[in-house]
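No lab work stands behind these numbers, since they all come straight from the coordinates. Bear in mind that the values here come from a model prediction, so they are computed numbers and not experimental data. Glycine also receives a Cβ, built like all others from the backbone with ideal geometry; neighbour counts cover every protein chain displayed.
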Amino acid sequence: MLDDEAFATQWVESRDRARPRGERALRSELAQRGVDRTTVDAVLAERRDVTESEGAGVGLEREGSEARSPDALAAERLLERRGRALARGGDPRIWRQRAYGLLVRNGFDSSTATDIASRWAAELGATADGSDSANEIDHDEPDPPAG
C-alpha cells in the first residue's frame, strides 16, 4: 500500500524542482492520481510553511526582503526557464501577455500570474532598453541628403 502523504510530498517537491506548477495544477494532478483532498491540503500547507521558513532567496529581484509564496517562486522559476522563448520580438506588453498565458496554463492563479508576468516583462524591458538603445533608428529625423 502506498503512503499517499509521502507520494504527494514527493510529487510536489519534484514538480517544484523540475516542472514548476501552481497550486491549482498541483491539486488537480494529485486528485487525478487518487490522493484525497485532506492529504493534498496538508502537503500544500507544508509547502507554504517550508517556503516561508526558508525565505525568498531565489527568483526575480524584488525590493526588500518580502517573503513570497511558493507559487510566486515557482512562477519565477518557470519564467527563468522559458523566458527566452517568450521574449522573442515584440515589446514589453507582448512579453507580459505571453508570460501571463504561460503561467495561467501551468496552474498559477491570475493574481500571481499578473504580478510575476508584469515584473518579468518590466525587468526584461529595462534590460533591453539598456543594451538595444544604441541600435534604434530615430524615424523622426529626416534622411540625410544623397550625394
| task | Starting from the Cα-Cα distance between Arg93 and Asp109, subtract it from 0.36 nm times their residue separation and give me the gain in nm to one decimal. | result | 3.8 nm
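What is the order of Glu29, Glu23, fewest Cβ neighbours within 10 Å to most? Numbers along the way, then the final one.
Numbers: Glu29 17, Glu23 20.
Taking fewest neighbouring Cβ atoms as first place, the list is Glu29, Glu23.
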| said: Going 7 Å from the Cα of Ala31 along its beta-carbon direction, which residues of segment 1-24 have the amide nitrogen within less than 16 Å of the resulting point? | reply: 22-24
| request: Treat the count of other C-beta atoms within 10 Å as a stand-in for reagent exposure and order Leu30, Leu124 from fewest to most. | output: Leu124, Leu30
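For segment 70-130, what relative contact order do you get, as a whole percent, if you take Cα pairs closer than 8 Å and at least 6 residues apart?
Numbers: 39 pairs, mean separation 24.9, N = 61.
It comes to 41 percent, rounded to a whole number.
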| query | With r defined as the distance between the Cβ atoms of Ser53 and Arg81 and R0 fixed at 22 Å, what FRET efficiency is calculated, to the nearest 0.05? | reply | 0.30
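If you rank Val40, Val50 by fewest surrounding Cβ atoms within 10 Å, what's the result?
Numbers: Val40 22, Val50 12.
In order of increasing Cβ crowding within 10 Å: Val50, Val40.
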| task | Compute the normalised compactness of segment 4-54: alpha-carbon radius of gyration over 2.2 N^0.38 Å, N being the residue count. | result | 1.03
| field | Residues with amide H under 5 Å from that of Ala87, placed H, sequence gap 5 or more | value | none
| field | Selection from Val50, Thr38, Val12 lying farthest towards where the dipole of segment 4-54 points positive, charges on Cβ | value | Val12
